[in-house]
1. Kindly provide the helix-only [θ] at 222 nm of the chain, computed as the sum of -39,500 (n - 2.57) over DSSP H runs of four or more divided by all residues, to the nearest 500 deg cm²/dmol?
2. Return the single residue from Gln68, Gln200, Gln282 with maximal mean-square fluctuation; model: Gaussian network over the chain, springs between Cα atoms under 10 Å.
3. Of the cross-linked pairs Lys76/Lys210; Lys71/Lys92; Lys16/Lys83; Lys222/Lys292, which ones have a Cα-Cα span greater than 20 Å in the structure shown?
4. May I ask you to give the percent of accessible area on the stretch 306-362 that is carbon plus sulfur, with a probe radius of 1.4 Å?
5. Scan the chain and hand back the longest stretch that contains none of the trypsin sites (Lys or Arg not before Pro) lying in DSSP loops with at most 10 other Cβ atoms within 10 Å.
6. Find the centroid of the Cα atoms in the stretch 213-257 and in the stretch 279-326, then give the distance between the two in whole Å.
7. So how long is each side of the chain along the principal axes, counting just the alpha-carbon atoms, biggest first, in Å?
8. Any chance you could get the radius of gyration and Dmax over the Cα atoms of the stretch 163-262, in Å?
Amino acid sequence: MDDQKLGLAAFRERIKVSRESSPHHWEASRKCMVPETLQTMLPALLQHIQKAPLDSSLRDRLVDALQQFSKPIGNKEGNKILKELTGFPPSKAVRALMVWGLLVDGGSKKNPEELSGAQWEEIIRNASNPYDALRHTATPSLLDVGAGDLSFEQELVDHYVPYFRTQRTPLTLHAFDRLMPGSRVGGVYHKNLDRERYLQSFPPEELRFKFCGGMGLETFSKSKGKLSRYTVSTCHAPANPTFAYEPSRLAPEIIHAHLQSSRGNYHQSRYEGEPVLEVSHQGRTLTFPDWKFDILGPLALLRFMAERSGVSILSAIDDEVFWEVLSQLLADDRFRPINEIFTKALLPEIFGEVYAELSTMAVGERIDLSEMANLRNLMPFAGATKEDGQMSCRFRYVEIRRGAVLDGVPSSFTARQFSRMHEESTPWWVILVTD
């Protein structure tokens, strides 16, 4: 059969043959109809149709019908067109198209749109804006860890949705934050309701946005509605002290003593019936969420992000968190002295030439970390249990950048506050590509 100009009759025959000759793929396509999977697969199917050797009017009608199918409330006209074009009722029509477009003709990859680590590395090396990785997949998706007031989400959407609109491709944007909605502590770092309403106002064929409050790394891992894999995961200004001290090298009593000497005495209390943490600092009593001084360490954050995306972006990282993260990425154990807090006085001694070179970086400059020291061949969370089996992980590429806000790159509320924090050093970015 001539594939150059498939008309309706030839196309229906091809769909029928693909289904009947691939019973295993047809059965597997049932799983593709689960909403979370469907929202990932449909854009890839649409892209395949756009490139397939089809009659132009057939192609346009298929695309329109599938876009109508993807809407929360089905469209009768779209369903009618799907049956006319494929010979199957709507849901079976979509399954048959997936068998033809993604599972058979589209190749044997489990995730046809997912790129290799080498491909992501090349993309990041050539990108001034690391979030442009979203442009290189048929199903762009991003997970924001600790989303705060949703400033970043609004900037990201305003930056990318106009582009994806022209590609007829929806952006999936999921975000969560540990602050509990309605809590009396947390102040400006709570989600901004106007921004949330703005993000929710987009049609699902342009933006699929979801925010969860009162959720940490562990609770998000057990939540419903998440994707199994995102194009990019990001964390802005990773929380200090939560990620500033690694429990695998620092004993709890060492961390506790350091927090008391540097932050002040602290204890659990209640404020208007809500559990809080009170900290006595420079003659003032400061009130925080009760989990503020819970220590997870950078390995927990790196593991969480590596499990969920090929590209991980940590932005606006303060000095304490940055050097602790860095110590876990480098191969030599001398960068991870046991029970030694990374004070400013000790950093040059522990990190040597790495410290000397990084300290001279100008704002906006970028460096391949592996050019200064060897990266760990395998992260120590290798073998951590994932939902679908065992995971071993290596970061094949780690890029360091300097600055809070980078030109042309969407930023968070916290990143924009660094210019007012005169006692803070210029923050860092760490961009990682998982192998």
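1. Computed mean residue ellipticity for the chain: -11000 deg cm²/dmol.
2. Comparing Gln68, Gln200, Gln282 in a Gaussian network model of the chain, the most mobile one is Gln282.
3. In this structure, Lys76/Lys210; Lys222/Lys292 lie more than 20 Å apart at Cα.
4. After summing per-atom areas, the C and S share lands at 51 percent.
5. Value returned for the longest uninterrupted segment is 225-343.
6. 7 Å
7. Sorted from largest, the Cα extents of the chain read 79, 51, 38 Å.
8. When restricted to Cα atoms, the stretch 163-262 yields Rg and Dmax of 17.7, 56 Å.
The values are calculated or read from the model by the stated rules, or taken from the named source; none is laboratory data. Source: prediction; values computed, not measured. So basically every Cβ, Gly included, is an ideal-geometry build from the backbone, and we count neighbours across all protein chains shown. These accessible areas exclude ligands, DNA and RNA; they are computed on the full protein's heavy atoms, side chains included. Shrake-Rupley method; radii C 1.70, N 1.55, O 1.52, S 1.80 Å.
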